[in-house]
Each structure stands twice: as structure tokens, then as C-alpha cells.
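No value in this document is a laboratory result; all are computed from the given coordinates. All values derive from a computational prediction rather than experimental measurement. For neighbour counting, all protein chains shown are included, and Cβ atoms are generated from backbone atoms with ideal geometry for every residue, glycine included.
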Amino acid sequence: MRRACLGWILSLCMMISAVSQTEAAGLFDSRNAGVKIFIGEIQSYGDYELKASAFENFADKLRQELNQQNLMAISNATVTNEEGRHSEGASGEGAVLSKIHMDAIVHGHQFEHGYAAAKLVRYADETMGRKVFYDDERVAAWKKQPQQTYFLSQGVQPAARRIAEKYGAAYLLFVNVKDVDVRLKHGLFASHTTKENRGKKMKAALDYYLINASTGRVYEGHCENRKTAQLYNLALVQGGKGMNVDELLNHVMEAQTDDIVKDMVKNGMKAVQ
Amino acid sequence: MRKLIIMLMTLVMLAAHGNQALAAPVVMLAGFQSRISKSAITMTDIDTSFQEMGQVVSEALYAELAGNPKFSIVDNDETASRARMDETALINQLGEGRINLELQKQADYIILGFITNVSNIRAQSGVLGVGGKDGTVHVEISMRVMDARSGALVFVTTANSRRKSELKYNVILHRKDNGLGDALNSALDIAAQNLAAQFLAAV
């Protein structure tokens, strides 16, 4: 009996010790304040897209920008949702996030049926019917009121609410980096010293969707940013700046994340109330 | 016998309480990986490999974070390498809500570092042979802190640094300085310090 009691106490001691070791205090508990925004997906549903790593960089910059505005950005580990976006057979949260994103896009002002990824076109046709997108008068009228909010489909709203509840977020944010275009400038006076110093220009367009999780109301934002770099050697004058594509993309992304967060704070969050 | 049991139980509870109060979260530094791909129009004049760059940043970050009483940091090479090799599988597993028991035993948080941009920006200006050229190394890195239990990203930040790599001018004097390697190492080191400062400010 005595041995059994001692054995029981020792095992209890080991269990408590093990639990106390694994339950360390939350290191970032002090940050758990303020409005919580769940970043659902940062992806491209356009017909040109970047490598996955570019979306990852964009996601990091966006989170930092949101944090600087005292907005608490949260996401699951797969913020770019490669599987949910690209795998037709995807299931689980990734597939649901992709569906919510697509639903927000196809109801939005910026959706171009002819310049969208195949998956998005299929979803648009299934959900709204192809005819809607070729009703030129309706499309033109809708594009003229870009600030007007709209709702997710009835069938998608509960899924958005469930995900928001799971992460304790008030809003869901989706970014569609739909078009990034890089042109190499081979002008007459462009410098030809090394490959990376030739002139380049980059143009990037994206749409973002801020969703009030409790109502399913969506605010759509749009931004376009450009950056050009070129070294020039004229007859007696030389000047300019040369940089590689990653550097250009870096500048463009910083401008984009800055624009998104400013617009979201100034307009988006009020609009979806 | 009863007294003995009560005494032992009290000791157990005191030990557990003390242990809990002392338990600082364990942070695992799982190294730095590159998100840049070398191509004809990206990095052509920087010869340093991404592995070497990652090592410089990793060591600088570890030095900045070590010794902080709020957490203990581990940099077990073998475990960190495995965490990076299995990064996608691990993230998917945690993202689906599955628990990784092996990781739980070793860390509460995992720092995944990334080199996101390395470039040498050139600038030039001059008229009638009077002028100059310069080069500036620009490094940008980012850090994701992942909760080892839930897979949630609990903190994400980026940091960057610029260092002059080349200076050449012709006025009356002619001068040329070129130290791309030194400028790169210095920029990586400072970027790591900036990253560490942001991490420490957040905890």
C-alpha cells in the first residue's frame, strides 16, 4: 500500500513537472490587444503571377505595416495558401479561404472576367453565371462606384464567420496581387555596363478585400504602383540609378502595403461597419 | 503514513509551482533561408552564397537574443536544420491543427528567418568628365515567429540595412574604393541587429 502511494505521488510529481515545463508563459501575450485582423490569403488570381516567395515577402511587409498601425494581424502558418489556391483537390481551411477570397473578388468592382485565373473564372461562372460579366452596362455602372461595399454570397458567409471565430478576429483580409509586369528598357542611351544595370520598369496592381466577419460585408480596395530605374550615358552627361528586379519589387511592395493599410484604416474599416 | 503523504504532496505542489514560475519560453532559432533566386536580371555581381549570408545573419541574431531573461534561446544545429528541411510539411501539419509532439518537447516558438532582398544599387552623375559613381548594398531580411504548438504566426517583422560598397569620383582628385564583400557582411550584421531589436521590443 505504502509503495503504491509513493509510486502514485512520484508519477504525479513527474506529470506536473512535465506540464509545467511545456506550459511556458506566452512570449507575445502583451501584444494581444487591439483590433484583430485575420489575413486569409495573399495570392494572385490574375492571369500573370509571381513566384510563391514574392507573396511571402509581401505578407511579411503587410503584417509589419499593420502592426505599426496598432492593428493585430494574425494568420495561420500558410498565409499564401499555395495548396488551397493551386490544388483542385484541396480540402480543409486552405480550400475554404480560397473560396472566400474568390467570392469577394467575383462580386467586386475590379473583377475582369477576361483577365482572371482559370480557377477564378470557373468559380465566377458557377456562382453568378457568365452572362452577368458580359452585361456591359451593369459592369460599367458597378465600376463607377468603387467605394460601395457589398456582401459575400449567402452560402459563403457562415464559413467566413467560423474562421474569424476560430482565430478571434473581427475582420478578414485577402489580397489579390493580380498583375506584376516587368519591362527591360533597352533605350538608345541605356547603360550597358553590366546586365543588372540596364533600365527596368515595373508596374504592379492589386486588389484587397476587407470583410467584416460578423456581417459578411466587403470593402474592396485597389492600388497600382510603379517604379523605374535606369542609368543613362548621354554624350557628355551621365546620371541615374540602376537596380535589380528584386530591389524594384521591394520598393513597389513597400508602397503597396503602405497604401493598403492607410486606405484600410481611413476608409475600409469604417465602410464595413 | 498520512503525514508522510501530505508532506510529499506539499513538496510536489511547491516544486511544480516553482518550476512553473521559472519556466521561460524556449525559442528555437531555425536559421535563415533565401527567398531570392539568382538569375540574369537579379543578382549578378554578388558572389557570396546565400548559405554564407544566412550564417552571418543567424550568428548575429543569436548573439543579440542570447541571455535575455524573458526567454531562452536554442540553436541546436541538427534540430534547426531538420525544422527547416521539414518547414512546409511542418507548417501544413500545424496549420491543420495537428500537434507535433517532437517539437513541443524542444521549443515553444520557432524563429524562421528569410533573406528577402540583396542588391547592389548603382548611382552615377556627372558632366564633362567631372562626376562620380557609387554602389550601395541593400539587404532586407524577415523573421516569422511560429507557435510550435498551434502553427500560428505570432510575430512577423522585417528589417533592412544599407552600406556603401563602392565610391569612385573624378573632380581634381581621383578616388576609387571598392569593398563589396565587407559592405555586404556589415549590412547583414546591422540588419540582424535591427531584427533582434524589433523582436525584443515585441516580447
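At a Cα cut-off below 23 Å, give the lysines reachable from A:Lys166, other chains included and same-chain residues fewer than 8 away excluded.
A:Lys36, A:Lys99
What FRET efficiency do you get for A:Ala255 and B:Lys164 if R0 is 25 Å and r is their Cβ-Cβ distance, rounded to the nearest 0.05? Don't jump to the answer; show the numbers that get you there.
Working: r = 24 Å, r/R0 = 0.98.
Once the sixth-power term is evaluated, E becomes 0.55.
What residues qualify as long-range amide H neighbours of B:Gln33, i.e. H under 5 Å apart, gap of 5 or more or another chain, H built at 1.01 Å from N?
Close amide H contacts, sequence-distant or interchain: B:Gly113, B:Phe114, B:Ile115.
Per-residue Cβ counts within 10 Å, from other chains only, averaged over A:77-87: what number is that? Write out the running numbers ahead of the final one.
Working: counts 17, 8, 5, 0, 1, 2, 3, 0, 0, 0, 0.
Shielding by partners across A:77-87 averages 3.
Report the gain in length on full extension from A:Arg162 to A:Thr149: 0.36 nm times residue separation, minus Cα-Cα distance, nm rounded to one decimal. It would help to have the intermediate numbers written out before the result.
Values: separation 13, 0.36 × 13 = 4.68 nm, distance 2.13 nm.
Here the segment from A:Arg162 to A:Thr149 would lengthen by 2.6 nm.
Over all residues in A:233-241, what is the mean tally of Cβ atoms on other chains that come within 10 Å of each residue's Cβ?
Numbers: counts 2, 1, 0, 4, 5, 8, 6, 4, 6.
Mean shielding count: 4.
What distance in nm lies between label points placed 7 Å from Cα along the C-beta direction at A:Lys266 and B:Gln51?
Result: 4.9 nm between the two label points.
Take every residue in peptide B:138-145, count the Cβ atoms of other chains within 10 Å of its Cβ, and give the average of those counts. Mind showing how you got there, number by number?
Numbers: counts 5, 0, 7, 1, 7, 1, 7, 2.
Taking all residues of B:138-145 together, the mean is 4.
Take the alpha-carbon centre of the range A:37-104, take the same for the range A:196-273, and report the distance between them in whole Å.
The range A:37-104 and the range A:196-273 have Cα centres spaced 17 Å from each other.
As an exercise, use a Förster radius of 56 Å and the Cβ-Cβ distance of A:Val35 and A:Tyr134 to find the FRET efficiency, rounded to the nearest 0.05.
E between A:Val35 and A:Tyr134, to the nearest 0.05, is 0.90.
For the range A:153-168, take each phi angle, set θ = phi - 60°, evaluate the Karplus expression 6.51 cos²θ - 1.76 cosθ + 1.60, and give the result in whole Hz per residue in order, putting x for glycine and proline.
My calculation for the range A:153-168 gives 4, 3, x, 9, 4, x, 5, 5, 5, 4, 5, 4, 5, 4, 9, x Hz in order.
Taking the mean number of other Cβ atoms within 10 Å as a proxy for protection, how do you rank A:124-132, A:71-79 from highest to lowest? Walk me through the numbers before you get to the answer.
Numbers: A:124-132: 13.7, A:71-79: 22.4.
Ranking, from highest mean packing down: A:71-79, A:124-132.
Ranked highest first by average number of other Cβ atoms within 10 Å, how do A:139-149, A:209-219 line up? Please report the intermediate quantities before stating the final value.
Details: A:139-149: 12.0, A:209-219: 22.5.
In decreasing order of mean packing, A:139-149, A:209-219 become A:209-219, A:139-149.
Calculate I(q)/I(0) for the range B:109-164 by the Debye formula, one identical point scatterer on each C-alpha and no solvent, and give its log10 at q = 0.12, 0.16, 0.21 Å⁻¹ to two decimals.
After summing over all Cα pairs, the log10 values are -0.47, -0.62, -0.79.
In terms of the ratio Rg/(2.2 N^0.38 Å) built on C-alpha atoms, what value belongs to the range A:45-167?
On the way: Rg = 15.7 Å, N = 123, 2.2 N^0.38 = 13.7 Å.
Compactness ratio reported: 1.15.
Among the listed pairs A:Lys266/B:Lys164; A:Lys61/A:Lys241; A:Lys51/A:Lys143; A:Lys143/A:Lys262; A:Lys262/B:Lys133, which are separated by more than 27 Å between their Cα atoms? Present the calculation step by step, with values, prior to reporting the outcome.
Values: A:Lys266/B:Lys164 38 Å; A:Lys61/A:Lys241 24 Å; A:Lys51/A:Lys143 30 Å; A:Lys143/A:Lys262 22 Å; A:Lys262/B:Lys133 36 Å.
Pairs exceeding 27 Å: A:Lys266/B:Lys164; A:Lys51/A:Lys143; A:Lys262/B:Lys133.
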